[in-house]
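Every number here is computed from the coordinates shown, using simple stated rules; none is lab data. In this text, all values refer to a predicted model and were calculated from it rather than measured experimentally. Please note: Cβ atoms are built from the backbone with ideal geometry, for glycine as well, and neighbour counts cover all protein chains shown.
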Amino acid sequence: MKRIIALLNEKNHYLEKFYALNEVELTNFAQGQFDNLEHFYQTRERILDVLKYVDAQIERAQDEAAQENGITEQERREVKEALAIKDEYVARIIEQDIQVLACIEAAKNSIIKELQEVRRTRKAVGGYKTKTFQQRLDEEV
């Protein structure tokens, strides 16, 4: 059971890293700084890979612990506490992800509006173009 508690605490450690990474990048995204986006997603993926590995280790430890005699009250409290911490991090991370997606969506909408404005400006400028040299020659002939 000690192994499971250690793995749960390790999982919480990586969830904390994930949360901290999100927090830093969320601040950048809110300021319109998306330069680090690719690195952000790669780092998140690496942390998620570690979390998957830890989850697999927890499952393996649970299978081994099922063969043991029992669990003490102290171990039960430690497991409950670790699971409560995990649930809190997961809820906060979900909130952060919603904010990250909102920032990205806002930036995307801003870029779309800018492109539409450029297209309108080009059309307007195109209406004032002078006739090309070939057209003027044809008219003169």
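Structure notes:
- With the helix formula -39500 (n - 2.57) applied to DSSP H stretches of n ≥ 4, the chain reaches a computed 222 nm mean residue ellipticity of -30500 deg cm²/dmol.
- Surrounding net charge for Glu114, when Lys and Arg each add one and Asp and Glu each subtract one, Cβ distance under 14 Å: +4
- Between Ile71 and Val24, the simple spin-label model (points 7 angstrom out along Cα→Cβ) gives 3.5 nm.
- Taking amide H atoms as placed 1.01 Å from N in the peptide plane, the amide H of Phe34 has no partner under 5 Å among residues 5 or more positions away or on other chains.
- Long-range tail of P(r) for the chain (Cα pairs > 23 Å, %): 58
- Sequence-distant contacts, meaning Cα pairs under 8 Å at least 6 residues apart, place the relative contact order of the chain at 42 percent.
- For segment 24-30, putting each phi into the Karplus relation 6.51 cos²θ - 1.76 cosθ + 1.60 with θ = phi - 60° gives couplings of 5, 6, 4, 4, 5, 5, 4 Hz, in residue order, rounded to whole numbers and with x for Gly and Pro.
- All alpha carbon pair distances within segment 68-119 were sorted into 10 Å bins beginning at 0; the resulting P(r) in whole percents reads 21, 22, 18, 15, 12, 8, 4, 0.
- With θ taken as phi - 60° and the Karplus curve 6.51 cos²θ - 1.76 cosθ + 1.60 applied, the whole-hertz 3J(HN,Hα) list for segment 74-81 is 4, 5, 4, 5, 5, 5, 4, 5 Hz, x standing for glycine and proline.
- In terms of overall dimensions, segment 1-65 has a Cα radius of gyration and Dmax of 15.1, 49 angstrom.
- A cut-off under 15 angstrom between Cβ atoms defines the neighbours of Phe34, and their net charge, with Lys, Arg +1 and Asp, Glu -1, is -3.
- Only lysines eight or more places from Lys123 in sequence, or on another chain, were considered; those with a Cα closer than 25 Å are Lys108, Lys113, Lys131.
- With R₀ fixed at 30 Å, the C-beta to C-beta distance from Glu59 to Ile94 puts the FRET efficiency at about 0.85.
- The aspartates and glutamates within cross-link reach of Lys2, meaning a Cα-to-Cα straight distance under 17 Å and a gap of 8 or more places when in the same chain, are Glu10, Asp55, Glu59, Asp63, Glu64, Glu68, Glu73, Glu75, Glu78, Glu81.
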